[in-house]
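Just so you know, all these numbers are worked out from the coordinates, no wet-lab data involved. Not measured: the values here are computed from a predicted model. A quick note on method: Cβ atoms are made from the backbone with ideal geometry, for glycine too, and the neighbour counts reach across all protein chains shown.
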Amino acid sequence: MARSRAQLPIEVEGSATQPLGMPAADFLRDYWQKKPLLIRNAFPGFVSPIEPEDLAGLACEDTALSRLIQHDRGRDAWKVRHGPFREEEFPGLGDRDWTLLVQDVDKWDADIAALLPKFDFLPRWRIDDVMVSFAATGGSVGAHVDQYDVFLLQAQGHRRWQIDAGDAPPLHFRKDVEIKLLQRFNPTHDWILAPGDMLYLPPGVPHHGIAEDPCLTYSVGMRAPAAVELLGDFVDALAAETDDGPRYVDPDLAPAKDAHEIDGAAMQRVAAALDALRTDDPERLGDWFGRFITLYRSAGQAMPGDDARSRIEIEWDLQQGHVLHRHPWTRMAWRRAGRGARLYAAGQAHALPVRDARAIAAAPTLDGAAYAQLSDSGRDAVYDLLQGGHYHLVEPEDDPQ
């Protein structure tokens, strides 16, 4: 007999073969966007590939997105600063009540990016980034709520997590701080996570994490564009593709009863004019979304390089053991279109055979053998992307793989 959601466990044991503590299909059916879940030993024996010093160094980079949040417990006051920071700032922060957060660490560190295939039960284009936070003892960002799914993997040290899994938690925000903290927080569950433990939170679940000791936490966050963002971008795309031809027209106009009134018939004509922008074409809609989602919330972008070598030279290098590495900021996805497919890369679209689109989207690197397996159109697309800076060619001795 199927159990109700209230009867489902909120804490399970994971393993190396089942990081979710259950088959992915069961997790998606019972927990995804429905119910929080704590997975003990989701990553047994986990050892963080980066140290707090590495994170601090990254927060000093001009192009990294970083924040420093400090809490004055005596006054319950919060201070937020944005990077880049200077190295000499960190020793003066003390050993309590501060947190350093850095976004998109998976774009900077290949070992962090190597965690993402563990989440391949989700569409990769749904995954936004891996944010890494270091918290000194007592460090926190306060009780808050997110509007997207997140997996919180404990990487070093111990963090206490409290959540409110009630049916109607209070969601009013404090007005005396510059970050969106909850006025009231009534936890229903209280856990301490050790390295390898992972907490999944659906959107809208209030939560509060406090460092029990100096700790690192990885946040694998999802991409959840608001409906207004989707609508705004879609309308902009339609408007850019539509000429000035369709206009408001009223060939059925009758003598006005009141020259100053906007009557019901006028509003029907307005709706008809707007319908000219609306599309029921699934290909047009799919093409827009593929471009949109591979650009959405990207903090960086690839730029064309200075390599002016010809295609024949590039292909010769691949035959000699060079490898094409995808730029870490270049997001890719694909979809079926007609009898073929469309590959989307950082807002660009390429018409390809399904086999090519699937292979290119899934491969962070392409060696000579993988490149040779592509069709002519697939190789054309890869070369175009290389010219745009979305790949760079790595010599065999420099290839980390």
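Enclosing the Cα atoms of the range 8-222 in their convex hull gives a volume equal to 117 cubic angstrom per residue. The residue among P396, S298, A266 whose Cα reaches farthest toward the positive pole of the charge dipole of the range 242-401, with charges on the beta-carbon of Lys, Arg, Asp and Glu, is A266. In a simple Cβ point-charge model (Lys, Arg +1; Asp, Glu -1; nothing else charged), the range 66-186 has a dipole of about 380 debye relative to its Cα centre. Between A6 and D111, the contour length at 0.36 nm per residue exceeds the alpha carbon distance by 34.1 nm.
Counting lysine pairs in the range 8-222 whose alpha carbons fall under 29 angstrom apart, excluding pairs fewer than 8 residues apart on the same chain, gives 10.
With kT/(6 pi eta Rh) evaluated at 37 °C and eta = 0.692 mPa s, and Rh the Kirkwood radius from Cα pairs, the range 311-398 diffuses with a coefficient of 254 µm²/s according to Stokes-Einstein. Computed about its Cα centre, the charge dipole of the range 311-398 is approximately 820 debye, with only Lys, Arg, Asp and Glu carrying charge at their Cβ. This model, with +1 at the C-beta of Lys and Arg and -1 at the C-beta of Asp and Glu, gives the chain a dipole about its Cα centre of some 1420 debye. Taking the centroid of alpha carbons for each part, the range 291-343 and the range 149-219 are 37 Å apart. Less than 5 angstrom separates the built amide H of N41 from those of G14, D197, M198, all sequence-distant by 5 or more or on a different chain. Taking every DSSP helix (H) stretch of at least 4 residues in the chain, weighting each as -39,500 (n - 2.57) and dividing the sum by the residue count yields a mean residue ellipticity at 222 nm of -7000 deg cm²/dmol. Label separation (H260 vs Q301): 4.9 nm, computed from points 7 Å beyond Cα along the C-beta direction. Report, as a whole number in µm² per second, the diffusion coefficient that Stokes-Einstein gives for the chain at 25 °C and 0.890 mPa s using the Kirkwood radius over alpha carbon pairs. Rounded, D is 101 µm²/s. Between V249, A361, N41, the Cα set farthest toward the positive side of the dipole of the chain (charges on each charged residue's Cβ, about the Cα centre) is that of N41. A dipole drawn for the chain from +1 and -1 charges on Cβ atoms has a positive end, and of V102, L343, F173 the residue lying farthest that way is F173. Backbone phi angles across the range 228-238, fed through the Karplus curve with coefficients 6.51, -1.76 and 1.60 (θ = phi - 60°), yield HN-Hα couplings of 5, 5, 4, 4, x, 5, 5, 5, 4, 5, 5 Hz in residue order; Gly and Pro are listed as x.
Gyration tensor analysis over the Cα atoms of the range 156-206 returns equivalent ellipsoid semi-axes of 23, 14, 9 Å (largest first, whole Å).
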